[in-house]
Each structure stands twice: as structure tokens, then as C-alpha cells.
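Structure first, commentary second.
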Amino acid sequence: MMMLGKFRLRRVGGFTLIELLVVVSILALLIGILLPSLRNARSQAKRVTCGANLKGIGIAMQGYLTDFNDIYPHVSQMPSYGPSPLSTSDPIYLTDVLGPYTSNDTKAFECPDDRGGRFSRDGVRAGRSYFETERSSYQYGYEHGSLRGRTIIQMANRIRQIRRDFFGNDSPVPTNTVWVMRGYQNFHDKGGSRSSRTNTQEQEGGSEQRVGGYRNYLYADGHVGGFES
């Protein structure tokens, strides 16, 4: 009995064994509570960085438009596939065209959640990020009725025509609802909310590979909004 009493009172580094077990249990519980919050915080930070990138691209685009009579640049849709829709022999990258307006900072076109292997891609693109193959994580312009060579007013009228022809809706399209750039995919985890994307753009954004998540959009007036699916 005396030995058992001594064992129970024995201390390790100033703590009894029972006290150490309690501390370890509390730490494990706190880690279990905090880790999801930390993951969410990291995810949110990447989404914010992506939005800031698009905001910067929007400022660069405004500089370009000022120099070129408000006409959006002619560039290739997905340069890794070739110059289409241009007839040039080599693809033209938006990062190169906007280079003088971004101090040639190509990282401004990279979404932190655009990582190789996340999405199914073919050929030489398999396992590679969009930034690696297109020099940008962001798709430029509409797939139906491209921005290339148009002013924003002409683009809004083009969307209105498409909507009238296909949906019987002839209401005007506000220029601040026309998107200029968006992530090639829903790069970000869910957790955001619908903000600036309209039903018109949802209908006329063209075919896309839908993956559950969140995608940032840059609109013609320079604001950035998101859409969760």
C-alpha cells in the first residue's frame, strides 16, 4: 500500500502522469477543432489572392484600352492548342500583350489554387496547371461572341443579340455584368457565395467543365466577383 501511494504521488517534470494525460487530451481536442479552421483560412487566403490578381489584371487591361481606343486585345483563346481564333502562325498570349501594363509580372496571372493534376487535361497538358500551359490561370473573354477586337459596348450588344436569338430576351445588358476574365476552372473550394455573376452570364458563358467549387470573375468595370457551384 505504501508503494502504491508513492507511485500515485510520483511526478514527472513537475506534473503527475494523470495531469500529463489530461494536457495531451486537451491539446489533441484543440488541434482537432483548430485544423479545419486553419484549412479554411488558407483556402480563403488563396481565393483572396486570386481575386487580387484579377483586380490587377483589370487595371492593366484598362491601361491597354486607353492606348487602343477601348478595343479589347486580339489574343489566342488557349495558346497551348494553337493560335485560334487568330490566323497567326503562332499563338499570341495575353500575358505578353498586357506585359507593358503589368511590369511584365507574369505571376500576376497565376492563381494559387491552379495546380497541376487537379483537373483532367489531355495531351501535353496532362498533369500540368493552366498557368504552365497557357501562361495564365484565367480565361479571356466569352466563348460565344468574343471580346477580341470589340469595345465593351459592342460586346454587350453582341450578348444581347445572342440572348434575344436563343432565349427571346431583348433586355439591355449592362456593361458591368460582362465578364472579361475568369478562372479556367472552379479552382477554389466551396465556402464563398454568389455575388456578382448574373443569370445572363450563367446561360451564355459557353461550355465549361463544371467542378464543384468557387470561381473568380473580373468584370468590364474592374470589379471582381465570384460564383460557387
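The values are calculated or read from the model by the stated rules, or taken from the named source; none is laboratory data. It should be emphasised that the depicted structure is a prediction, and the values quoted were computed from it without experimental measurement. Neighbour counts run over all protein chains shown; Cβ positions are idealised from the backbone, glycine included.
When you scan segment 81-96, how many residues do you find that are crowded, with 17+ Cβ neighbours inside 10 Å and outside any loop (DSSP other than H, G, I, E, B)?
2
Which of (1) closer than 23 Å to Lys55 by Cβ; (2) in contact with a Lys or Arg (Cβ under 9 Å, 6 or more places away or on another chain) does Gly127 not meet, given it meets every other one?
Against the list (1) closer than 23 Å to Lys55 by Cβ; (2) in contact with a Lys or Arg (Cβ under 9 Å, 6 or more places away or on another chain), Gly127 comes up short only on (1).
Restricting attention to segment 101-117, report how many residues are over 17 Å from Met78 (Cβ atoms), part of a loop (DSSP other than H, G, I, E, B) and touching a residue at least 40 places away in the same chain (Cβ under 8 Å).
Residues in segment 101-117 being over 17 Å from Met78 (Cβ atoms), part of a loop (DSSP other than H, G, I, E, B) and touching a residue at least 40 places away in the same chain (Cβ under 8 Å): 3 in total.
Exactly one of (1) modelled with pLDDT of 90 or more; (2) surrounded by 17 or more Cβ atoms within 10 Å (Cβ to Cβ); (3) outside any loop (DSSP other than H, G, I, E, B) is unmet by Gln201. Its number?
It fails just one condition, (1).
Please find, within segment 116-153, the residue that is farthest from Met61 (Cα to Cα) out of those that are polar (S, T, N, Q) and surrounded by 15 or more Cβ atoms within 10 Å (Cβ to Cβ).
So the residue we want is Ser129.
For segment 124-148, name all the residues that are modelled with pLDDT under 90 and assigned to a helix (DSSP H, G or I).
Correct list: Val124 only.
Can you pull out every residue in segment 86-120 that is among the small types (Gly, Ala, Ser) and over 20 Å from Phe187 (Cα atoms)?
Listed by number, the residues that qualify are Ser87, Ser89, Gly99, Ser103.
Could you grab me the full set of residues in segment 157-179 that are without any contact (Cβ under 8 Å) to a residue 40 or more places away in the chain and among the aliphatic types (A, V, I, L, M)?
Residue satisfying the conditions is Val173 alone.
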